[in-house]
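The values are calculated or read from the model by the stated rules, or taken from the named source; none is laboratory data. All values derive from a computational prediction rather than experimental measurement. A quick note on method: Cβ atoms are made from the backbone with ideal geometry, for glycine too, and the neighbour counts reach across all protein chains shown. Keep in mind that these areas ignore ligands, DNA and RNA; they rest on the heavy atoms of the full protein, side chains included. Shrake-Rupley method; radii C 1.70, N 1.55, O 1.52, S 1.80 Å.
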Amino acid sequence: MKPRPTVLRCTSAALAAACALVLGTLTPTASAASAASAADTPTVAAPVLTGPQLAASWAGPLSTRGRYVVDANGDRFKLKSGNWAGAQGTWQGSGDVRDPANHQARQMSNNIPLGLDRTPIARILADFHTMGLNSIRLPFANALVHDTSAVPDSAVAANPQLRGKTPLQVMDAVVAALTADGFAVILNNHTTSYRFCCGLDGNERWNSGQSTQQWIDDWVFLAKRYRDNKRVVGADLRNEVRRDTWNDANWGWGDDHDLNQALEDAGNRILQADPDLLIVMEGINWQGIPTDLTPHWRPMLTPVATLSNTLIRSDKLVYSAHFYGYTGPRHTGATGTGETHDARYEELTPDQLAQAVDDEALFVTRTGQHFTAPVWISEFGAAGRGPADARERAWFDNFTDILVRNDTDFAIWPLVGWSDNTGTPQDNWAMVNYTADGTRLGVMDTGDWRAADWNKLIGAPARSGPVADGPRWNMLNLDHYDANLSAAMLAGPDWSSGNRKGNCPDTQRLAGLGRSDSRGLCTDAGRPAKGAGAWTTVTDERYVTHGDWASGYNKLQCPDNTFAVGYSVNRNAMSALLCAPAANALPLTGRNVWFDSGDNRPATGGSAASDWAPGYYKGQCADNEYLAGVAYTWKWNHGGVPDALLCRPLN
């Protein structure tokens, strides 16, 4: 979703060369950040940094610890970001693509980041520093990856060193300039074609206008292209997935509209190409037909509560969500056609708004759950100049209060726009606007009512410094497909051919199983080190030692001094356990955890406050135990699904 007043939009060697090409005249400026007193510790009101200061203040790559993003030193890196739009395309889908009148806010980007026609890139970056940003979300279209045409000279008039380059080569240069000046860059797959988002525009899903395989291949191409630049920190997989004319995207149905599965598949392929990237997953932006008589809503991250994602690197997942005042939990943001009588976010009370934002996004930051991850509000914004909209202004103030109160990572939409020849912004949502001769009018200049809220947000007290690396819990979802999340096992042959199988990430072990639904829970709590040697696939009772712990039941038990890291099922019946060797000897005493007639889970720890197999009984070992065996039976119509776990102490 984007501004409604104008349009409702709803390497490496090559990199180094591009950087040298565009950075020769860079002279960034700084401004003071507004101060705020710390409410919690450890917090600090961060200053606005110049380019050299920002570059020296953090080291890539980034990863996650609990709800926080951290840098290579383990220090909190709060994403204070903006969206530098343009490379996703600005044409609105009708009329001559060469006519600026047919582009969003009459701003014809020529499919590269806006502003390069009127302002040297060094000046644009200096203005980004003045705004207090440390990171840039860089939207692009899949079309850009395949576009071999040179951008018009007029599109880079203020940056003549970029003449003759393709849109992708221009993006190379922009990425090089941003990262050399200290900014973290997160690439965002915004659209498939160059058509400006949103609504029924052919860009509704990741596989609208292209196959899922092509979408993933494009991401792998970009991951490899930028993997030597550790300030290219993230892949934001797809923007605002929504309904097309006939179909909704879904979360977990196992079909070709399943966003949950598509994001996980793409994220893991990207991490195999570049294991250092953050993988940013945005929930479903809209489902249903927006009439008062038909079901419709904005799910965002709500489905994550019971079906979260797991990556082969469990410290690389970031979730994201978008909020605009003119949209709502059940409101498309349309006016007239497509509008319902549901409340917009700007019509909610401050308490109602805070509850909606928590329900739809920020609940994910709660510690110790299978879904726990950082949440990045990667789009929000408002019109800062022109006729005042009292409701939108109040919403922006209330929403930024929520971001401050929750110490939330954010990215404002959009950063760069054009001003006409009278100096009036063509897109009054842009944080900084440039006339054809490069004259600037931005949030840092007088007359923009957003300045107070922006300074509040940028200068707010925030968690800083080292973040402890605590335990994680992650789901294995075998509802429809394999969940091969072990990089080690992915590199080898199929360990349980013909069965659906799940492997925990290599830093984790299996901690729990659901009964009849094939879900599992992994953890690194206690962190038992894996030893050398082959992993064992267990399909019978040959390793059942030290007594029969489940008389009358079939048992799959790991060999002594190994622990379960995966399992396979046929339909939902147990087929095999996958067991990894421990680096040190493990205790061989244990206890039975029966869950054939009810949940049997630890009262504390272990994702205790969240449901990773809703509607089914779950068995789970304690955080200081390892899963050594599974018992099941075909008697009494149990169907071979797991009934009990053998849990043994880690030490």
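Observations on the model:
- Volume per residue that the Cα convex hull of region 534-651 spans, once the total is divided by residue count, Å³: 110 Å³
- Packing-based order for 467-476, 405-414, using average beta carbon neighbours within 10 Å, highest first: 405-414, 467-476
- Projecting the Cα atoms of Ser486, Phe196, Val443 onto the charge dipole of the chain, computed from C-beta unit charges around the Cα centre, puts Ser486 farthest toward the positive end.
- Region 194-288: C-alpha gyration tensor shape, a/c 1.5 cut-off, then a/b vs b/c: prolate
- Aspartates and glutamates whose Cα lies under 13 Å from that of Lys530, excluding same-chain neighbours fewer than 8 positions away: Asp506
- For region 476-554, the Kirkwood radius over C-alpha pairs fed into Stokes-Einstein at 37 °C and 0.692 mPa s yields D = 226 µm² per second.
- Across the chain, the convex hull enclosing all Cα atoms gives 156 Å³ per residue.
- Judged by the mean number of other Cβ atoms found within 10 Å, the most tightly packed of the peptides 459-465, 198-204, 134-140, 491-497 leads the ranking 134-140, 198-204, 459-465, 491-497.
- Nitroxide proxy distance, nm - points 7 Å out along Cα→Cβ at Ala101 and Ala150: 3.0 nm
- Label-to-label distance for Asn584 and Asp265 is 4.2 nm, based on points extended 7 Å past Cα in the beta-carbon direction.
- Distance between the pseudo-spin-label points of Asp437 and Gln161 (7 Å out from Cα toward the beta carbon): 2.5 nm.
- Among the listed pairs Lys224/Lys501; Lys555/Lys618; Lys78/Lys456, those beyond 20 Å (Cα-Cα): Lys224/Lys501
- Convex hull volume per residue in cubic angstrom - Cα atoms of region 350-492: 207 Å³
- Over the chain: helical MRE at 222 nm, DSSP H runs n ≥ 4 each giving -39500 (n - 2.57), nearest 500: -5500 deg cm²/dmol
- Fraction of accessible area attributable to carbon and sulfur, the chain (%, probe 1.4 Å): 51 percent
- Here the ratio of the Cα radius of gyration of region 188-234 to 2.2 N^0.38 Å is 1.31.
- Kirkwood hydrodynamic radius over Cα pairs of region 59-101, then Stokes diffusion coefficient at 20 °C and 1.002 mPa s, in µm²/s: 156 µm²/s
- Straight-line cross-link reach from Lys230 at under 17 Å between alpha-carbon atoms covers these aspartates and glutamates, not counting any fewer than eight positions away in the same chain: Asp71, Asp75, Asp172, Asp181, Asp274, Asp276, Asp315.
- Label-reachable residues, region 637-651, where backbone N falls under 19 Å from a point 7 Å from Asp599's Cα toward its Cβ: 642-645
- Equivalent ellipsoid semi-axes - Cα gyration tensor, region 319-360, angstrom: 18, 12, 7
- Fraction of C-alpha pairs exceeding 18 angstrom in region 55-126: 58 percent, rounded to a whole number.
- A 1.4 Å probe run over the protein chains yields, for the chain, 35 Å² of accessible area per residue, whole-number rounding.
- Once the Cβ-Cβ distance of Trp246 and Trp449 is raised to the sixth power relative to R0 = 51 Å, the FRET efficiency obtained is 0.75.
- Relative protection proxy for 241-247, 500-506, from highest mean packing down: 500-506, 241-247 (other beta-carbon atoms within 10 angstrom).
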